[in-house]
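The values are calculated or read from the model by the stated rules, or taken from the named source; none is laboratory data. Being a predicted model, the structure only gives us computed values, none of them experimental. For neighbour counting, all protein chains shown are included, and Cβ atoms are generated from backbone atoms with ideal geometry for every residue, glycine included.
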Amino acid sequence: MSGIRIKNLRKSFGSYTALHGIDLQVPNGTLLALLGPSGCGKSTTLQLLAGFEAPTEGEIWADDVLLSSARGVLPPEKRGISLVFQNYAVWPHKTVAENVAFGLAIRRLPKAEIAERLDRTLRTVRLEALRDRYPSELSGGQQQRVALARALAVEPRILLLDEPLSNLDAHLREEMRFEIRQVHDLLGLTTVYVTHDQSEALVTADRIAVMKSGHLQQLGSPEDIFERPSNAFVATFIGANNELAGTSEGNGAIRVGGHVLTAPDRSGAAHGGTVSLCVRPSQVRLFGADQAPDAEGCNVLSGTVQRSAYLGEYRDVLVDLGGGRTLRAFIPPAQSFAPGSVVTALLPIGSCQILGPAA
Ligand code: ATP
């Protein structure tokens, strides 16, 4: 077996348990994204992988080397691991080239090898032209590329990225996602990438591990996670952010308030069990009270428009369904409903899923 293996990893801080027995594998050469909301245990997992913290229970292996267990931890510098943080941490008084070469110089590599690796790494992250600049003369994205280059230059066995794009503006963040993926395709390094941004995970990762409250919710390819979420938490976190909670009626039916709705049932719940109907806002269609849409193959709900926002490509409409429930719909921009309008919402059955609660 090759790559990283995390077995039953638990981490407690005093009486608080941050990780409740995580099992994960990262095959060599793949990029795994650890995805989840703030506080779910992503950074703790990374700290344990880097060797900065010892697990309370469980083991971490890299190929056939035991990196960490409750009995002992291989020191960070002996793991062949490089780490890139969100706040770049580049040295302001060193040039780009000096920053990148620093890790090589302290390893006392021959001068010719340092020069060769420096050139190669700067080429990989497209910084050759900026090699003599100081960090203060670089944009945020360029500084983050310096941090990445510094991590790559030492030729680690494993690369750990902790929210590496969080400090960049939205436009740059989007661009850098593709760059990170390109660098990964070029070098094929075994990589663990921590993020709370689902589109960042979808773009960069081969596999995504979704976490919540120290529990692994699902591990799968981006398509698996997006198309076949294992529970309502994963579905809403990854974008199907309409979750109508109810009880299972069995046979692909769910009772939500006074309605019985139908959908492919992936909950495994028994009759009467707690389940949710999940549907993406982009799949919901809205019609005015004076219209009579063809509702064949759809769940039908009615409600009142609470708010509507024009976003250019679509309108983001929030519908009050009553009973404290709301439904979000992304509708064509040409369609418009004033707040207070009574609307009929059609939810195509094939676009809905009945899912159970988080693990
Ligand atoms: P974020 O995206 O906000 O960084 P995260 O998913 O990386 O969140 P962690 O930093 O791993 O979350 O923290 C998981 C939980 O463990 C949090 O509730 C946090 O408060 C707690 N925690 C982390 N480190 C410590 C510590 N040294 N002592 C006590 N609690 C800690």
So Glu77, is it charged (D, E, K, R), surrounded by 14 or more Cβ atoms within 10 Å (Cβ to Cβ) and away from the ligand (no atom under 15 Å from the Cβ): no
Condition broken by Val319, with the remaining ones in (1) touching a residue at least 24 places away in the same chain (Cβ under 8 Å); (2) loosely packed, with under 13 Cβ neighbours inside 10 Å; (3) under 26 Å from Phe226 (Cα atoms) satisfied: (2)
Unique residue being part of a strand (DSSP E or B), closer than 25 Å to Asp224 by Cβ and among the basic types (Lys, Arg) when the list is Arg255, Arg328: Arg328
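Kindly check whether there is at least one residue in segment 93-102 that is on the phi > 0 side of the Ramachandran plot and assigned to a loop (DSSP other than H, G, I, E, B).
Checking segment 93-102: not a single residue is on the phi > 0 side of the Ramachandran plot and assigned to a loop (DSSP other than H, G, I, E, B).
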Arg126 vs. criteria among the basic types (Lys, Arg), part of a loop (DSSP other than H, G, I, E, B) and touching a residue at least 12 places away in the same chain (Cβ under 8 Å): yes
Which numbered condition Pro164 misses (of (1) at pLDDT below 90; (2) more than 23 Å from Asn28 (Cβ to Cβ)): (2)
Tally of residues being in a strand (DSSP E or B) and within 12 Å of the ligand (Cβ to nearest atom) across segment 192-212: 6
Qualifying residue in segment 179-191 (condition: assigned to a strand (DSSP E or B) and either more than 16 Å from the ligand (Cβ to nearest atom) or more than 26 Å from Ala62 (Cβ to Cβ) (or both)): yes
Odd one out for Val100, checked against (1) touching a Ser or Thr at 6+ places or on another chain (Cβ under 8 Å); (2) surrounded by fewer than 19 Cβ atoms within 10 Å (Cβ to Cβ); (3) under 13 Å from Ala151 (Cα atoms): (2)
Which listed residue, of Val260, Val256, Val194, Val203, is free of Cβ contacts under 8 Å to residues at least 12 places away in the same chain, at negative phi and β-branched (Val, Ile, Thr): Val260
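Residue by residue, here is whether (1) modelled with pLDDT of 95 or more; (2) within 13 Å of the ligand (Cβ to nearest atom); (3) of a type outside the set (A, V, I, L, M); (4) crowded, with 17+ Cβ neighbours inside 10 Å holds:
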site	(1), (2), (3), (4)
Leu31	yes, no, no, yes
Leu83	no, no, no, yes
Ala89	no, no, no, no
Thr95	yes, no, yes, yes
